[in-house]
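Asker: This is the structure I want to talk about, given as structure tokens.
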Amino acid sequence: MARLGVLALQGDFAAHRDALDRLGVEPVEVRRCAELDGLPGLVIPGGESTTLLNLMRDEPWFERLRAFHRDGGALLGTCAGAILLAREVVDPAQPSLGLLDASVRRNAYGRQIDSFETRVHLTGGAESLPAVFIRAPRFVSLGPNVEVLAELDGEPVLVQEGRIMAVTFHPELTSDLWLQRRFLELAARSSDPAVAPPTVVA
């Protein structure tokens, strides 16, 4: 059985774990840096990005996650996870990994009361995915090597750069497994250097 890690410090990691389990993947809850060893990919769930940053102070998470990616690991960030991966975070600014060449605005869709469900359209075709937006961020700008995989009203909501995928909604809260399946395929190819163009580190 394939294995993928789920960062289990905070947020909705249990829903991601259950989605991977439904896909036939063994989910590994990661709570210590050392537990990244041997994993081909890691999901960074949504939650509260500032709380996640506080919890990461106990270990050298930034250094270890950057090394994990540099050494071939694939990363999927959803909502707060996308914020953590970005090159720049605005409104307000906060530290981030700088692995995805994108600028992200926090809580850009409004407060918890403004949460909504919709469908987002995959680029290059007529297919769509169910999507749940909860205090979701927005991609303010994207670097030239960032591919847009899905849009909402012409705005990017799912992107990929090399071995990194980032999404502003919560795919784990729906029954559709398209995104998790694509990430599994990406992680399986993570040893291929062609999948990993140079990334920007803040």
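The values are calculated or read from the model by the stated rules, or taken from the named source; none is laboratory data. On a predicted model such as this, the values are computed, not experimentally measured, just so you know. Cβ: placed from backbone, ideal geometry, glycine included. Neighbour counts: every protein chain shown.
Table: residues versus (1) at pLDDT 95 or above; (2) surrounded by fewer than 14 Cβ atoms within 10 Å (Cβ to Cβ); (3) over 14 Å from the mean Cα position of the chain (by Cα).
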| position | (1), (2), (3) |
| --- | --- |
| Val6 | yes, no, no |
| Gly11 | no, no, no |
| His16 | yes, no, no |
| Arg22 | yes, yes, yes |
| Glu26 | yes, yes, yes |
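Asker: Residues Ala136, Ala131: which one is part of a strand (DSSP E or B) and buried (at least 24 other Cβ atoms within 10 Å of the Cβ)? Quick ask: steps written out before the conclusion?
Answerer: Numbers: Ala136 fails: part of a strand (DSSP E or B).
After applying the criteria, what remains is Ala131.
Asker: Now a separate question. Return a yes/no flag: does the stretch 138-158 have any residue that is under 14 Å from the mean Cα position of the chain (by Cα) and more than 23 Å from Ala187 (Cβ to Cβ).
Answerer: yes
Asker: Looking for whichever is within 17 Å of the chain's Cα centre (by Cα) and either in contact (Cβ under 8 Å) with a residue 40 or more places away in the chain or part of a helix (DSSP H, G or I) (or both) here; the options are Leu42, Leu75. Which one fits?
Answerer: Step by step, each of Leu42, Leu75 is checked, and only Leu75 is within 17 Å of the chain's Cα centre (by Cα) and either in contact (Cβ under 8 Å) with a residue 40 or more places away in the chain or part of a helix (DSSP H, G or I) (or both).
Asker: Continuing with this model, one more query. Test Arg57 against the stated conditions and say whether it is free of Cβ contacts under 8 Å to residues at least 24 places away in the same chain and not β-branched (Val, Ile, Thr).
Answerer: Against the criterion (free of Cβ contacts under 8 Å to residues at least 24 places away in the same chain and not β-branched (Val, Ile, Thr)), Arg57 qualifies.
Asker: Also, I was wondering about something else. When you scan the stretch 35-51, how many residues do you find that are at pLDDT 95 or above and buried (at least 19 other Cβ atoms within 10 Å of the Cβ)?
Answerer: 7
Asker: How many residues, within the stretch 149-171, are acidic (Asp, Glu) and farther than 16 Å from Arg119 by Cβ? Give the derivation first.
Answerer: Going residue by residue through the stretch 149-171, those that are acidic (Asp, Glu) are 151, 153, 155, 161.
If we keep only those that are farther than 16 Å from Arg119 by Cβ as well, we get 161.
So the count comes out to 1.
Asker: How many residues does the stretch 10-39 hold that are within 28 Å of Phe133 (Cβ to Cβ) and in a helix (DSSP H, G or I)?
Answerer: Of the residues in the stretch 10-39, 11 are within 28 Å of Phe133 (Cβ to Cβ) and in a helix (DSSP H, G or I).
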